[in-house]
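In what follows, a single structure is set out as structure tokens and then discussed.
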Amino acid sequence: MSAHPATVRPHTGSSHGWGLVDARRKEELIRAIAAGRDTAGPLHAELDLTDRCNVACYFCNQQDTRTKLQIPLERVVELIDEMAEAGLASVRLSGGGDPLHHREILAVLDHFEARGVVLDNLTTNAVSLTPAVARRLVDQEAREVNVSLNTVDGADYRRMMQVKPAVFDRVLDNVRHLLAVRGERRLPIVTLQFLLDRHNAERALEMDDLTREIGADRIVLSAVQQIPDDRLAAADLLDAGDGERLLPVFTELYRRHPPGDSLDLELNLDVQGLGPMLAAARRRAGAAPASPFPIAPSFRAEDGGCFFAWYSTAITGNGNVYPCCQLIRPKGPVMGNVLEDGAAGVWHGERYARLRGEMREALLDGADRTLDPARFEILDPVCHTPGRCWLKTMYFQWDDAFYARLHEALEGARTNRARVRAARGAAAAVAGRLPWLAPAVDRLRDASRPLRVWLRHRLGLDLTEAA
């Protein structure tokens, strides 16, 4: 069994892999970001092992990208071997389908352990959380099992998941069995996640009761969000107008969860405009729970751009690769396909190089960054706008040492970029005064571009803004 460094944050077993990255690797990551070059490979991977699913959630944001495909076991083994050789430390299993619905999930879990790759998070509906799976999750010290339960009884489960109500009871039995197998051990952390819409949000206290009765470690209440192409009826979704009727419910919820409560509470409702209601509920309850996702003193908004193009990757059941789970959508940016080009071929390919160039530009722009379509072909508002990405908010901004060093490195890169721009401006001014020289300057710039890009990507010499 592999040893785990004691850097995981205390509130949860999962950290999107960040708790498994040591100081040396973080420094390599920072240097690569500042220089605009790639890394040996991802340190963390989100694997959608299969597009096959055993429920049909009405709110699933991957409805339009789902197939009936799964990554064959032999290819999973090849991918894990290849990425592990390049430094992969952890994986998250989620997906367009349910990861436990992969026909050879036990062999997959065994290979993670054999290669020393930690299962940082398993997000599952738990329909296929069999005793054999539960035993492996405990024995292999998976960090967190996040069960998408979503509601509190069979009838509403049928509405949300579109399966027989009896499946709800099976899921509860599976979760109870996992907790019994875990016993007094700390890992895996077991989280029950509920998704709130207009039909079940007032039952949040029942959700809390059920979580306590089962004995889970965390309860997460999130809002159902609109999916691509606005497929969901607006009348079913929560918005700021629901705040008044939900205020008494969430006031009582906060009263139940004072600081130090044994059941960890997480609320993700701000995106639906319910932040003011939550603030009022905290005041009424006389409680201001410490955020489970604190922000480090060294974190600066200007350094808050995404850096996943150097850190993580998301692989779907058909082999397509996306920057992260947030961008797996019909028109999302596909980086390549690992079944065709291998993990390294995609990671070091042209699309990832383009993405890194855009992410680096956004990071260097700092607080002045704007999503200019003329500059950014791949970046999406969700990965560019402060506060839009829950991944960056939850798992990274607490890291004081990392953001202190990142700021130092970015400031140096910003200075270098300013010098390049100044030199370019000076050359343009000379060319303006000597028009006959302009064609030669243009030819030199175009001819030297591949060399300048190579020098930055491979040696870290920042002589160009080109991607």
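The values are calculated or read from the model by the stated rules, or taken from the named source; none is laboratory data. This structure is a prediction, so every number in the text was calculated from the model and none was measured. Note: ideal-geometry Cβ built from the backbone for every residue, glycine included; neighbour counts use all protein chains shown. These accessible areas exclude ligands, DNA and RNA; they are computed on the full protein's heavy atoms, side chains included. Shrake-Rupley method; radii C 1.70, N 1.55, O 1.52, S 1.80 Å.
The rows are residues; the columns are (1) crowded, with 19+ Cβ neighbours inside 10 Å; (2) without any contact (Cβ under 8 Å) to a residue 40 or more places away in the chain.
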| residue | (1), (2) |
| --- | --- |
| 177 | no, no |
| 188 | yes, no |
| 213 | no, yes |
| 233 | no, yes |
| 268 | no, no |
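The condition of being surrounded by fewer than 17 Cβ atoms within 10 Å (Cβ to Cβ) and modelled with pLDDT of 95 or more holds for residue 106.
Of the residues in region 108-120, not one is assigned to a helix (DSSP H, G or I), under 30 Å from residue 224 (Cα atoms) and in contact with a strand residue (DSSP E or B) (Cβ under 6 Å, 6 or more places away or on another chain). Among the residues of region 136-155, those that are out of contact with any Cys (no Cβ under 8 Å at 6 or more places or on another chain), within 18 Å of residue 172 (Cβ to Cβ), surrounded by 20 or more Cβ atoms within 10 Å (Cβ to Cβ) and not hydroxyl-bearing (Ser, Thr, Tyr) comprise 137, 145, 146, 147, 149, 152. Taking region 264-289 as the range and being in contact with a Lys or Arg (Cβ under 6 Å, 6 or more places away or on another chain) and at pLDDT 85 or above as the test, the residues that pass are 264, 285. Looking only at region 309-324, decide whether some residue is under 15 Å from the mean Cα position of the chain (by Cα) and either more than 21 Å from residue 17 (Cβ to Cβ) or without any contact (Cβ under 8 Å) to a residue 40 or more places away in the chain (or both). The answer is yes, given that some residue of region 309-324 is under 15 Å from the mean Cα position of the chain (by Cα) and either more than 21 Å from residue 17 (Cβ to Cβ) or without any contact (Cβ under 8 Å) to a residue 40 or more places away in the chain (or both). Selection within region 190-201: residues that are open to solvent by 20 Å² or more (accessible area, probe 1.4 Å) and under 21 Å from the mean Cα position of the chain (by Cα). The member of this set that is farthest from residue 123 (Cα to Cα) is 195.
Considering only residues in region 91-130 that are within 17 Å of the chain's Cα centre (by Cα) and of a type in the set (Ser, Thr, Tyr), the one that is nearest to residue 161 (Cα to Cα) turns out to be 124.
Matching residues to (1) open to solvent by 50 Å² or more (accessible area, probe 1.4 Å); (2) in contact with a His (Cβ under 8 Å, 6 or more places away or on another chain); (3) of a type outside the set (D, E, K, R); (4) at negative phi:
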| site | (1), (2), (3), (4) |
| --- | --- |
| 317 | no, no, yes, yes |
| 333 | no, no, yes, yes |
| 342 | no, no, yes, no |
| 345 | no, no, yes, yes |
| 353 | no, yes, yes, yes |
| 370 | yes, no, yes, yes |
| 378 | no, no, yes, yes |
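Residue pairs whose Cβ atoms lie under 9 Å apart, separated by 6 or more positions or on different chains, with the first residue in region 19-32 and farther than 23 Å from residue 144 by Cα and the second among the hydroxyl-bearing types (Ser, Thr, Tyr) and part of a helix (DSSP H, G or I), are 29/311.
Those residues that are of a type in the set (Val, Ile, Thr) and open to solvent by 30 Å² or more (accessible area, probe 1.4 Å), I need them from region 77-103; list them, please.
Residue satisfying the conditions is 77 alone.
Restricting attention to region 303-360, and to residues there that are in a helix (DSSP H, G or I) and among the β-branched types (Val, Ile, Thr), which single residue is modelled with the lowest pLDDT? For region 303-360, the residue satisfying everything is 338.
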